[in-house]
Amino acid sequence: MQIKTVVSLLLSPMFFILVGCNQEALEIKINRAGTLLISAENVTQGEVSVGYYNNYQIFDSLDENGQFQTEKLLEGNYEVMVSTEKDNFTFMDKVMTQVIADENMMVQLDPLSNYGAFKVMTITSSYDYNTGMYVSDTLSNVNVGLISSKKMADLSSYSDDDIIQALQKQGTTNSSGIIEFSGLPSSNQKWGNSNGTIGYYIIVLNREKSKILVNYNQYSLEYQKTESITIQIPEDDLEEL
């Protein structure tokens, strides 16, 4: 009995020491926090979001220098996103970063570098009975417009009038049957990370720009690349160009 009592008394302080250490370690871990200084290149107006894997907890605006200083955040991994408006389009950039205790980590983003372009060619095709082959010809002075999938989704209706009024870029094909839409937000960032569901509809209009003749499928746009697209105009629509 005496031996058991002595052992019990010896172990009791150790138990409290261990418990105390664990509680202290746990408390330190919970309270470890740092901050982020977020900066966007060549941007003076924009929005910033910070959170865990699309579960954003901070929504705020960049200052006049294109920066945002967070308050203290618990140590761990965070997703940071910056968006800015330019030429009627929203450019964005996002990155995973880490908050380190007692440090102010710099996060550099460049939404305006995520751009691309479309080179659109309009053609018509007819059957040549002499050769027994289809012959294609380019079409000049064709009215072509572009609208992002996000802008399209925001429309209250998909009537020709509503879509035409919402087009974000318009123009006519040149003598070679080509028109280029440049400076568009890309669907991907430099390293292939998705910028979200950024896609585009390319639309062919009639001569008066009052009717949609061709409404093609949604196209994505790769980082800093020019995507070539060929649109064939049905013969029945040629008289309306």
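Here are a few things to note about the model shown:
- The Rg/Rh ratio for the range 33-112, using Cα coordinates for both the radius of gyration and the Kirkwood hydrodynamic radius, is 0.96.
- Shape call, the range 115-235: gyration tensor on alpha carbons, a/c limit 1.5: oblate
- Paramagnetic reach from T138 in the range 208-241 [backbone N under 19 Å; point 7 Å along Cα→Cβ]: 226-234, 241
- Globularity index of the range 92-148, i.e. its alpha-carbon radius of gyration over 2.2 N^0.38 Å: 2.44
- Fewest-first sequence of L37, L221, L62, L139 by Cβ atoms within 10 Å of each Cβ: L37, L139, L62, L221
- Relative to one another, the C-alpha centroids of the range 206-229 and the range 38-58 are positioned 30 Å apart.
- When the charge dipole of the range 115-235 is built from unit charges on Cβ atoms (+1 for Lys and Arg, -1 for Asp and Glu) and taken about the Cα centre, the candidate among A117, P234, N188 whose Cα reaches farthest toward its positive end is N188.
- Computed extension length for N88-Y52: 10.1 nm, one decimal, from 0.36 nm per residue of separation with the Cα-Cα distance subtracted.
- Net charge of Cβ neighbours under 13 Å - reference F118; Lys, Arg +1; Asp, Glu -1: 0
- Pair Q168, E235: separation of 7 Å Cα→Cβ label points (nm): 3.7
Quick note: the coordinates plus some simple rules give every number you see, no bench work behind them. Here the structure is a predicted model, which is why all the values come from computation and not from measurement. Backbone-built Cβ (ideal geometry, glycine too); neighbour counts: all protein chains shown.
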